[in-house]
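Asker: Below you'll find the structure I mean.
The values are calculated or read from the model by the stated rules, or taken from the named source; none is laboratory data. Not measured: the values here are computed from a predicted model. Counting neighbours? That spans all protein chains shown, and the Cβs are built from the backbone with ideal geometry, glycine included.
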Amino acid sequence: MIAQRIKQARIAAAMTQDEVVAALSAAGHPLSKAGLSKYERGGSVPAATTLRALGKVFGVSADFFIEQQSVSVEWLAFRKASAMTRAAQERVKTLASAQVEAFVTLRQALEPTQTWPKVPRTKVGSLDDAEAAAARTRRYWNLGEAPIESVTAAIEDAGGVVVELDTPATGSPTGFDGLSGWVAGASPVVVVASSATDDRRRFSLAHELGHLCMDVGECTSKDAEKFAHRFAAAFLVPPETARRELGHRRLRLDLRELSMLKLKHGLSMQAWVYRATDLGIIDAAHGRSLFAEFSAKGWRRDEPVRFEGRERPMRLRQLTVRAHAEGLITSAQADRICPEAVQAEAGEGARPVAATDARALMKLPRGERERLLARAAMHVRGDYGAGGALSGFEAGEVIEPRGSALELRAARGARRATRRKR
């Protein structure tokens, strides 16, 4: 158990054995690489002092190493696996497994009698079968035909686990889109990259859900990916909905029309072109001409409108706060399970930011960053007089702090910038 936990913590920290040995030496606790390897293999058990030293290096408490791992996840294949190193794949799985373990443990403690609907499994051997599988899943989860407000919430409400990981954790900015798996063969797990735009995240969530909902038999991995893509598009926009929005047959689609549909359904403009082509609403030639227009305008990577959705996982955060309120876990345990969950002020967003510098701010999705800056501006609006003049400082007036740490940092930056201009 301890051996597995040491290796798990090292992988989660993205450290090689050589780096761990160097960090221990710098901290005054020398250990050879052979000794560390022996600990990870279970050949010997480290002393308590060594566990504490390792905990400081990995950023975990010493009791992490003696906690029994209660759940295991059966992972399916990565999307774009060739774009990721094996070490990056292992780190994603390790980080995700830790969150899944915490999620399941808390849920079992807080909701021991709760039952969840099973994920429907459909035999799929064609693109039409993938369409049918998506329709069945929507019916099974009572989603109707209206736009899905949050794919994340739909999965969590069905007993699934959604894990959001920072893209840099993969070791490749473009190598990780999504991953899926099963806990105990029953609860679905979907992992997505946090840095993706909301429409891309929605599609990745639906794509990975497709892998879980479809039994593709012995088909090739390439065909399995095609089926998952078709499932995702049909799950987000059923064929009846697409035809209601676009019509049964069109000679031409307008890009402005596609931008409006993106904002309504959370499906990218380019995915709408694919959807219209797949359903025979437009012919393939017009689809190619639209993609050529996207390329000419530079919209293949950055479309002109941004969909702002509600695709942040909330269930683990909610369970953590609930367990802390019930006295089942300490503040330190809560912070390890879901950092800053119990310290956050009521009403703050679902995505806390530990760092409070400009770089952390710029890493946020544009919509979230703009909302944060808007809140910061609201906090300091009383400090400015008519015409934007800064007031309240020369006279020695004390402005009481308000808002989160990141908001206050942004507010102080705004004040400093204004003083420099004056």
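Asker: Do you know which of the residues in segment 324-334 that are at pLDDT below 85 and assigned to a helix (DSSP H, G or I) is farthest from Val190 (Cα to Cα)?
Answerer: By that ranking, first place goes to Ala332.
Asker: While we're looking at this one, here's another question. What single numbered condition from (1) of a type in the set (Asp, Glu); (2) touching a Ser or Thr at 6+ places or on another chain (Cβ under 9 Å); (3) without any contact (Cβ under 8 Å) to a residue 12 or more places away in the chain fails to hold for Glu303?
Answerer: Here Glu303 clears every test but (3).
Asker: Scan Glu40, Glu101, Glu90, Glu74 and give me the residue that is modelled with pLDDT of 85 or more and over 20 Å from the mean Cα position of the chain (by Cα). Working first, answer last.
Answerer: Details: Glu101 fails: over 20 Å from the mean Cα position of the chain (by Cα); Glu90 fails: over 20 Å from the mean Cα position of the chain (by Cα); Glu74 fails: over 20 Å from the mean Cα position of the chain (by Cα).
Checking each option against the conditions leaves just Glu40.
Asker: Can you confirm whether Ala47 is farther than 24 Å from Ser331 by Cα, surrounded by fewer than 17 Cβ atoms within 10 Å (Cβ to Cβ) and among the hydrophobic types (A, V, I, L, M, F, W, C)? Give the steps one after another, and end with the answer.
Answerer: On the way: farther than 24 Å from Ser331 by Cα: yes; surrounded by fewer than 17 Cβ atoms within 10 Å (Cβ to Cβ): yes; among the hydrophobic types (A, V, I, L, M, F, W, C): yes.
Judged against the criteria, Ala47 is a match.
Asker: Out of all the residues in segment 247-254, is one or more in contact with a helix residue (DSSP H, G or I) (Cβ under 8 Å, 6 or more places away or on another chain) and assigned to a helix (DSSP H, G or I)? If you could, list the steps in order and put the result at the bottom.
Answerer: So the first thing to find is which residues in segment 247-254 are in contact with a helix residue (DSSP H, G or I) (Cβ under 8 Å, 6 or more places away or on another chain), and the list is 250-253.
Adding the requirement that they be assigned to a helix (DSSP H, G or I) leaves none.
There is no residue in segment 247-254 that is in contact with a helix residue (DSSP H, G or I) (Cβ under 8 Å, 6 or more places away or on another chain) and assigned to a helix (DSSP H, G or I).
Asker: So, in segment 199-240, of the ones that are among the β-branched types (Val, Ile, Thr) and in contact (Cβ under 8 Å) with a residue 24 or more places away in the chain, which residue ends up surrounded by the most Cβ atoms within 10 Å (Cβ to Cβ)?
Answerer: Filtering segment 199-240 for residues that are among the β-branched types (Val, Ile, Thr) and in contact (Cβ under 8 Å) with a residue 24 or more places away in the chain, the one surrounded by the most Cβ atoms within 10 Å (Cβ to Cβ) comes out as Val237.
Asker: Out of the residues in segment 295-315 that are surrounded by fewer than 19 Cβ atoms within 10 Å (Cβ to Cβ) and among the hydrophobic types (A, V, I, L, M, F, W, C), state the one that is modelled with the lowest pLDDT.
Answerer: Result: Met314.
Asker: So, in segment 1-41, of the ones that are part of a helix (DSSP H, G or I) and among the β-branched types (Val, Ile, Thr), which residue ends up surrounded by the most Cβ atoms within 10 Å (Cβ to Cβ)? So that I can check it myself, show each step before the final result.
Answerer: So in segment 1-41, the residues part of a helix (DSSP H, G or I) come out as 2-12, 17-26, 33-41.
Subset that is among the β-branched types (Val, Ile, Thr): 2, 6, 11, 20-21.
Numbers: Ile2: 17, Ile6: 24, Ile11: 19, Val20: 22, Val21: 20.
Restricting to residues being part of a helix (DSSP H, G or I) and among the β-branched types (Val, Ile, Thr), the top hit is Ile6.
Asker: Here's another thing I want to ask about it. Write out, first by first residue and then by second, each pair whose Cβ atoms fall under 8 Å of each other, whose residues are 6+ apart or on separate chains, and whose first residue, in segment 133-160, is in contact (Cβ under 8 Å) with a residue 12 or more places away in the chain while the second is crowded, with 21+ Cβ neighbours inside 10 Å and acidic (Asp, Glu).
Answerer: Between residues of segment 133-160 that are in contact (Cβ under 8 Å) with a residue 12 or more places away in the chain and residues that are crowded, with 21+ Cβ neighbours inside 10 Å and acidic (Asp, Glu), the close pairs are Ser150/Glu311; Val151/Glu311; Thr152/Glu311.
Asker: Can you tell me how many residues within segment 42-56 are assigned to a helix (DSSP H, G or I) and β-branched (Val, Ile, Thr)? Please lay out each step first, then the result.
Answerer: Residues of segment 42-56 assigned to a helix (DSSP H, G or I): 48-56.
Okay, now just the ones that are also β-branched (Val, Ile, Thr), so 49-50.
Within segment 42-56, residues that are assigned to a helix (DSSP H, G or I) and β-branched (Val, Ile, Thr) number 2.
Asker: Here are Val321, Val305, Val273: which of them is among the β-branched types (Val, Ile, Thr), assigned to a loop (DSSP other than H, G, I, E, B) and outside the structural domain of Ala9 (by TED's automatic domain parsing)? Give the derivation first.
Answerer: Details: Val321 fails: assigned to a loop (DSSP other than H, G, I, E, B); Val273 fails: assigned to a loop (DSSP other than H, G, I, E, B).
From the options Val321, Val305, Val273, the qualifying one is Val305.
Asker: Please identify the pairs in which a residue from segment 84-106 that is of a type in the set (Ser, Thr, Tyr) has its Cβ atom under 7 Å from the Cβ atom of a residue that is at pLDDT below 90, counting only partners at least 6 apart or on another chain.
Answerer: Correct list of pairs: Thr85/Gly171; Thr94/Gln8; Thr94/Ile11; Thr94/Ala12; Ser97/Val73; Thr105/Ser70.
Asker: Residues in segment 205-228: is at least one on the phi > 0 side of the Ramachandran plot and either in the same structural domain as Ala135 (by TED's automatic domain parsing) or out of contact with any Gly (no Cβ under 8 Å at 6 or more places or on another chain) (or both)? Give the derivation first.
Answerer: Of all residues in segment 205-228, those on the phi > 0 side of the Ramachandran plot come to 217.
Now restrict to residues that are either in the same structural domain as Ala135 (by TED's automatic domain parsing) or out of contact with any Gly (no Cβ under 8 Å at 6 or more places or on another chain) (or both): 217.
Scanning segment 205-228 turns up at least one residue that is on the phi > 0 side of the Ramachandran plot and either in the same structural domain as Ala135 (by TED's automatic domain parsing) or out of contact with any Gly (no Cβ under 8 Å at 6 or more places or on another chain) (or both).
Asker: Do any residues in segment 2-21 that are within 14 Å of Lys93 (Cα to Cα) have Cβ atoms under 8 Å from those of residues that are buried (at least 17 other Cβ atoms within 10 Å of the Cβ) and of a type in the set (Val, Ile, Thr), where the two are at least six apart or on different chains, and which pairs are they?
Answerer: Gln8/Thr94; Ala9/Val60; Arg10/Val20; Ile11/Thr94; Ala12/Thr94; Ala13/Val57
Asker: Return the pair list, or none, for Cβ contacts closer than 8 Å from residues in segment 179-191 that are closer than 19 Å to Arg202 by Cβ to residues that are among the hydroxyl-bearing types (Ser, Thr, Tyr) and buried (at least 22 other Cβ atoms within 10 Å of the Cβ), at least 6 apart or on different chains.
Answerer: As it stands, the answer is Pro188/Ser180; Val189/Ser180; Val190/Ser180; Val191/Ser180, since those pairs meet every condition given.
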